[in-house]
Structure formats: structure tokens, C-alpha cells
1. Which of the residues belonging to the range 50-83 are within 25 Å of Ala239 (Cβ to Cβ) and surrounded by fewer than 17 Cβ atoms within 10 Å (Cβ to Cβ)?
2. So for the range 174-181 (the condition being under 10 Å from the mean Cα position of the chain (by Cα) and aliphatic (A, V, I, L, M)), does at least one residue qualify?
3. List, please: which pairs have Cβ atoms under 6 Å, are six or more places apart or on different chains, and start with a residue in the range 53-70 that is closer than 26 Å to Glu33 by Cα and end with one that is hydroxyl-bearing (Ser, Thr, Tyr) and buried (at least 16 other Cβ atoms within 10 Å of the Cβ)?
4. So the check is Cβ under 9 Å with 6+ separation or different chains; which pairs have a first residue in the range 250-271 that's over 14 Å from Gln197 (Cβ atoms) and among the β-branched types (Val, Ile, Thr) and a second one that's modelled with pLDDT of 95 or more and not in a loop (DSSP other than H, G, I, E, B)?
5. Answer with yes or no whether Ala112 is among the aliphatic types (A, V, I, L, M), touching a residue at least 60 places away in the same chain (Cβ under 8 Å), under 20 Å from Leu211 (Cα atoms) and not in a loop (DSSP other than H, G, I, E, B).
6. With respect to Thr208, is the statement that it is assigned to a helix (DSSP H, G or I) and surrounded by fewer than 12 Cβ atoms within 10 Å (Cβ to Cβ) true?
7. Within the range 28-41, can you find the residues that are in a helix (DSSP H, G or I) and within 20 Å of the chain's Cα centre (by Cα)?
8. Which of (1) assigned to a helix (DSSP H, G or I); (2) closer than 23 Å to Ala165 by Cα does Gly254 not meet, given it meets every other one?
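The values are calculated or read from the model by the stated rules, or taken from the named source; none is laboratory data. The structure displayed is predicted, hence computed values, not measured ones. In this analysis, Cβ positions are derived from the backbone assuming ideal geometry, glycine residues included, and neighbour counts consider all displayed protein chains.
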Amino acid sequence: MIPYRRLAAIVVALILVLAVQATAFAAILVIPEPGADPAHVALVREAADAFTAIVAAELGVTLDNDVRLFVCPTGESYRAVLVRELRQRPDLAARAAEVTAGMSGGRIKAVAVNFGALNGGTAGVRACKTAAHELFHQLQYQLAGHNLGKSFYWLKEGAADLFGAAVAEKLGYQSLDQWKLDRLDTLRQAGDHVSPQEILATNLDKWTGLLEDNRHPYEIADLLVLCLMDRTQPGGRRAIGEYYRLLGQGLENGQAFERAFAIRPENLVAGFRTWFAHTSARAAGNKLPANAAN
């Protein structure tokens with residue numbers, strides 16, 4: 001017969017082992033498509049590891065299901081993965097392959113990164129950002145479930161970009177400050193871009209149209225998220241996770257936003273122009289034209 005104290009110790013040990021196994025069960029499975037560069041595969045693995053560490057530290061959560069991450073060497077292989085693995089219609093996959101460097105299928109637990117769109121000297125930093133961006137979409141779906149479709153699309157994309165930039169910083173590719181400056185510079189130089197008011201109620205189809213028209217929806221969304229973080233510090237990034245948790249609990253989108261960030265979305269947009277002008281002036285050392293980021 002096993003003594004009671006020893007039996008209790010064995011039970012506790014088994015519980016701890018099972019808990020560790022349950023925590024470690026979820027994995028990001030990096031899958032190279034034929035022809036993928038081993039260096040690109042290694043880069044994506046590194047980004048996936050950094051992503052896990054960052055969201056665990058800042059949001060107190062990790063992915064709870066295995067996610068397959070496909071490394072696609074060309075736009076054609078990317079399009080094929082979108083159809084085969086992410087179950088997109090061929091016409092939508094072809095359209096996406098023209099304007100996106102990555103895609104996530106939340107319900108399907110699969111992500112694709114398009115190295116065909118990541119050529120040039122900035123391929124490394126863009127690949128890190130893209131992989132982490134798409135993995136963050138997986139986390140958003142995990143927290144919000146089927147209610148993710150009710151969320152603000154600009155926040156869905158801007159928050160994913162923020163955590164993608166955080167991964168790039170962790171891996172030494174680009175600081176968050178430099179990322180912000182790049183977004184500001186792009187909009188300063190743009191002849192035309194979507195306004196914060198326009199982007200507030202956009203959806204996937206409208207977003208894709210804005211990309212095709214080169215109206216810079218990502219840059220505006222990213223800066224809106226940075227403005228939101230400035231308005232809700234400290235704890236702004238953790239509030240992002242709370243917003244998606246509240247959506248998952250069934251709260252209406254506007255209510256979830258206001259409860260998580262303590263600001264109404266329309267008030268955020270109303271104050272964005274002033275924030276943008278002040279932030280740009282500090283970065284550039286001069287004032288922007290009065291119509292900047294209308």
C-alpha cells in the first residue's frame with residue numbers, strides 16, 4: 001500500500017505534468033511549401049517564438065490550439081495555399097494574392113506568409129511583421145470566436161500590425177519608434193489616403209478596395225491604434241486583449257470598445273487629427289499642413 005502522503009505527492013506531480021503538457025500542446029507548426037528558402041523558414045520560426053513570448057507577457061494569453069503556418073516562396077504558391085488550406089474561393093484567393101503578404105484563417109487554424117511579396121532589402125523585417133500579424137489574427141479569433149466579425153476592422157488590422165512591429169523590435173530588426181515614423185512618413189508623402197472617419201466602419205471588402213486603390217488603410221489603422229495606446233496608457237496593449245475577450249462574451253462592439261479602452265470610438269477619431277499633427281511635428285521638427293490626416 002502506498003502511504004497517504006506519498007500518494008498525495010504523486011497525484012500533485014501528475015496534475016503538474018498534465019498541466020505542463022496541456023500548456024505545451026499548442027504549437028505553431030511552420031510548414032515550408034516546395035521551394036521555400038530555408039533561411040525564410042528559420043526567420044518565420046524565430047518570429048513565431050517571439051510572438052508567443054510577447055503575447056504571453058503583455059496579454060497573459062497564448063494560442064490554445066495548434067496553428068499551421070505555411071511559408072510560401074512565390075505569389076502562386078501563396079494563392080494555392082489560400083485555396084487548398086485556407087479554403088478560399090479561387091477568385092478571392094487570386095485577388096488577395098495581388099495585394100497581401102499574409103493571410104489567416106481563424107476557424108481553420110492556418111496562416112500563410114507570401115514571400116513573393118516580401119522581396120528587397122526590407123524582406124526580413126516585413127516577414128517578421130507579417131508572420132506575427134497573421135498569428136495575432138489567430139489570437140483575436142481565439143478570444144472573440146465567431147463574434148470577431150463584429151469587431152472594428154481597422155482595429156483588427158492595426159492591433160495585428162502593432163504586435164507584428166513588437167516582434168520585429170524584439171528580434172532587433174526595427175524599433176517601434178522607427179515603425180511609427182515610417183507610418184507617419186508614408187502618409188505625409190501620400191497624395192491620397194483614407195480618412196479616419198472613412199475607415200471607422202470599413203469591412204474586409206472595402207478594405208481590400210482601399211488597398212487596391214493605394215489609399216493606405218494600414219497606415220491610418222496603425223496610427224489610430226497608436227493614438228489609442230497613448231490615450232489608454234498604462235495598460236493599453238492589455239486592453240486590446242480585453243476588447244476581444246468582451247466580444248467573445250457577447251458584448252456589442254461599441255460597448256466592448258468603450259469598456260476596454262474607456263473611450264468611445266467616435267471620440268478617438270475626433271481627437272486623432274490633433275494627435276497626428278502633434279506627433280508628426282515632434283517627429284519632423286515642424287508642423288504639418290492643416291489638411292494632414294483629415
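1. Correct list: Ala53, Ala56, Ala57, Glu58, Gly60, Val61, Thr62, Asp64, Asn65.
2. Within the range 174-181, none of the residues are under 10 Å from the mean Cα position of the chain (by Cα) and aliphatic (A, V, I, L, M).
3. Listed by first residue and then by second, the contacts come to Thr62/Thr52.
4. Ile263/Leu228; Ile263/Phe257
5. Against the criterion (among the aliphatic types (A, V, I, L, M), touching a residue at least 60 places away in the same chain (Cβ under 8 Å), under 20 Å from Leu211 (Cα atoms) and not in a loop (DSSP other than H, G, I, E, B)), Ala112 does not qualify.
6. No; evaluated as a whole, the condition is false for this residue.
7. Hits for the range 28-41 are His40, Val41.
8. Evaluating Gly254 over (1) assigned to a helix (DSSP H, G or I); (2) closer than 23 Å to Ala165 by Cα leaves (2) as the failure.
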